[in-house]
Amino acid sequence: MNSNSKRDSILSSASFIVKNHGIEKLTLEFVAHEAGISKGGLLHHFPNKEALFKGMVEKLTNDFGSDVQNRVTQDPIDNGKWSRAYLQSIIEDTEESNGMNAEIIASLFKKGLLGELQSQYTIWQKNLGNDGIDPVIASIVRLAADGLWFSEMFGLGKIDDELREKVIEKLLLMTK
């Protein structure tokens, strides 16, 4: 297995632990065991828990960014494609993550890694601002999508499924 595959395997194992056991159970020993490698093998790729955590945040951010980019590429309508892709990626993320991202994102504040996410958001906002639709509308869609994500991830004033679908439909309509 090449180095990148091993690194991805370690990150997948760490994500599995967070998703199924909670972030407080994320230890180097548990990750090494779950990945089927020695602790020394894990330390070769991630010299400490902070490096592992940073790798997890980078993977989440990169995976989300790649998903948005793929949706942009596949969207046949030029105007608003970044806004639609961002919204659709957020929707899919909330449906699939089962709270794992919430634990990781919440930990950003404790681990001092918020700057990584802030940098990526700056890039996304720039893309949305040059999306061929009114930049105010694109920003409203992003902010609403983020609000929906935070609401669902952290259980903050969650809305029922019928209203959620209507909100998503309205946001998608705004991007056209």
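The values are calculated or read from the model by the stated rules, or taken from the named source; none is laboratory data. All of these numbers come straight from a predicted model, not from anything done at the bench. Because the Cβ atoms are built from the backbone with ideal geometry, glycine has one as well, and the counts that use them run over all protein chains shown. Only protein heavy atoms, including side chains, enter the accessible area calculation; ligands, DNA and RNA are left aside. Shrake-Rupley method; radii C 1.70, N 1.55, O 1.52, S 1.80 Å.
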Query raised in the report: Of everything in the range 43-71 that's free of Cβ contacts under 8 Å to residues at least 24 places away in the same chain and hydrophobic (A, V, I, L, M, F, W, C), which residue is farthest from SER83 (Cα to Cα)?
Result: LEU43
Query raised in the report: Of the residues that sit in the range 123-169 and are acidic (Asp, Glu) and within 24 Å of GLU96 (Cα to Cα), which one is surrounded by the most Cβ atoms within 10 Å (Cβ to Cβ)?
Result: GLU152
Report summary line: Filtering helices (runs of 4 or more DSSP H) wholly in the range 1-71 for at least 3 residues that are closer than 23 Å to MET153 by Cβ gives 3-21
Report task. Could you look through the range 13-41, keep only residues that are among the β-branched types (Val, Ile, Thr) and touching a residue at least 24 places away in the same chain (Cβ under 8 Å), and pick out the one that is least open to solvent (accessible area, probe 1.4 Å)? Result -> VAL18
Report task. Count, please, the residues in the range 59-81 that happen to be among the hydrophobic types (A, V, I, L, M, F, W, C) and under 16 Å from the mean Cα position of the chain (by Cα). Result -> 3
Query - Residue count, the range 1-11 (criterion: surrounded by fewer than 14 Cβ atoms within 10 Å (Cβ to Cβ) and closer than 19 Å to GLU58 by Cα) - result: 3
Requested in this report: Consider GLU116 carefully, then state whether it is at pLDDT 90 or above and open to solvent by 50 Å² or more (accessible area, probe 1.4 Å).
Outcome: no
